[in-house]
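K.L.:
The following block contains the structure, expressed as structure tokens.
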Amino acid sequence: MRKIAAFAAGFLAAAFAGLQPNEAASQIKNYEAEGNLEATQPLGCVDLGALTNVHTPADIFPGVRKCIEAGEYGKAADLFAVAGVYGRFDMLRVVDQTAHQAIAALQINTLGSIDQARVAAFQESVQGHYHAGSDDLVRICGHLKEMGPPAYEPVYMLQHGLSVFTGEGGGLKADFNPTEAWSEALDGYLHCPQ
């Protein structure tokens, strides 16, 4: 692993060695496909009752941010949990593994520029809410089971992967079993009691 990292660092250093700092920056290209991480129905700081199974994680994370900014950490934790379970479900059905990073990118976009004290308070709230056997875990899992699995096409994730640019290895899994995936998302992300 160290050899690979050393090679990569050496390669990058050699590639940009002859370039001035502004020239090096101009050599970096950021490609983004239409629909990448796009929220089609962005939410505010809402209660769980406002969510439906057509809201994507890209729709829900703006609400997480607004709740954190408003100091409503319990609501933020609930929204974060739903976005996480739905994101996990989408990862199970999207073929392109590079597209799975959409959830991490959404989390970074959501929390990246928020004051660290608020982020710490939010993280503390999340840890306090959803431990095994807690009333909050039972409540959020019950709500998710009532909502059911996502009823949207995960365009926000499909458009995030490299397959959009290569034309290979994208789309949804042909042998996808939504019932099994839903159970796995509930258990794998929140450890919901069955």
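The values are calculated or read from the model by the stated rules, or taken from the named source; none is laboratory data. Predicted model only: the values in this text are computed from it and were never measured. Note: ideal-geometry Cβ built from the backbone for every residue, glycine included; neighbour counts use all protein chains shown.
K.L.:
Would you say residue 167 is surrounded by fewer than 12 Cβ atoms within 10 Å (Cβ to Cβ) and assigned by TED's automatic domain parsing to the domain that holds residue 71?
P.N.:
yes
K.L.:
How many residues are at pLDDT 95 or above, at negative phi and not in a helix (DSSP H, G or I) if we restrict to region 133-152?
P.N.:
Qualifying residue count for the region: 4.
K.L.:
Would you point out which residue out of 78, 90, 135, 96 is over 22 Å from residue 40 (Cβ atoms) and among the charged types (D, E, K, R)?
P.N.:
135
K.L.:
Which numbered condition in (1) more than 15 Å from the chain's Cα centre (by Cα); (2) outside any loop (DSSP other than H, G, I, E, B) is the only one that residue 77 fails?
P.N.:
So residue 77 meets the others, but not (1).
K.L.:
Kindly list, by first and then second residue, each pair from a residue in region 91-108 that is farther than 16 Å from residue 166 by Cα to a residue that is part of a helix (DSSP H, G or I) and among the basic types (Lys, Arg), limited to pairs with Cβ atoms under 8 Å and residues at least 6 apart or on different chains.
P.N.:
Final answer for the pair search is 103/88.
K.L.:
Here's a follow-up. Here is a check on your reading of the model: is residue 154 within 18 Å of residue 58 (Cα to Cα) and touching a Phe, Trp or Tyr at 6+ places or on another chain (Cβ under 7 Å)?
P.N.:
So residue 154 fails the test.
K.L.:
Please pick out the residue among 82, 119 that is in a helix (DSSP H, G or I) and surrounded by fewer than 16 Cβ atoms within 10 Å (Cβ to Cβ).
P.N.:
Of 82, 119, the one residue that is in a helix (DSSP H, G or I) and surrounded by fewer than 16 Cβ atoms within 10 Å (Cβ to Cβ) is 119.
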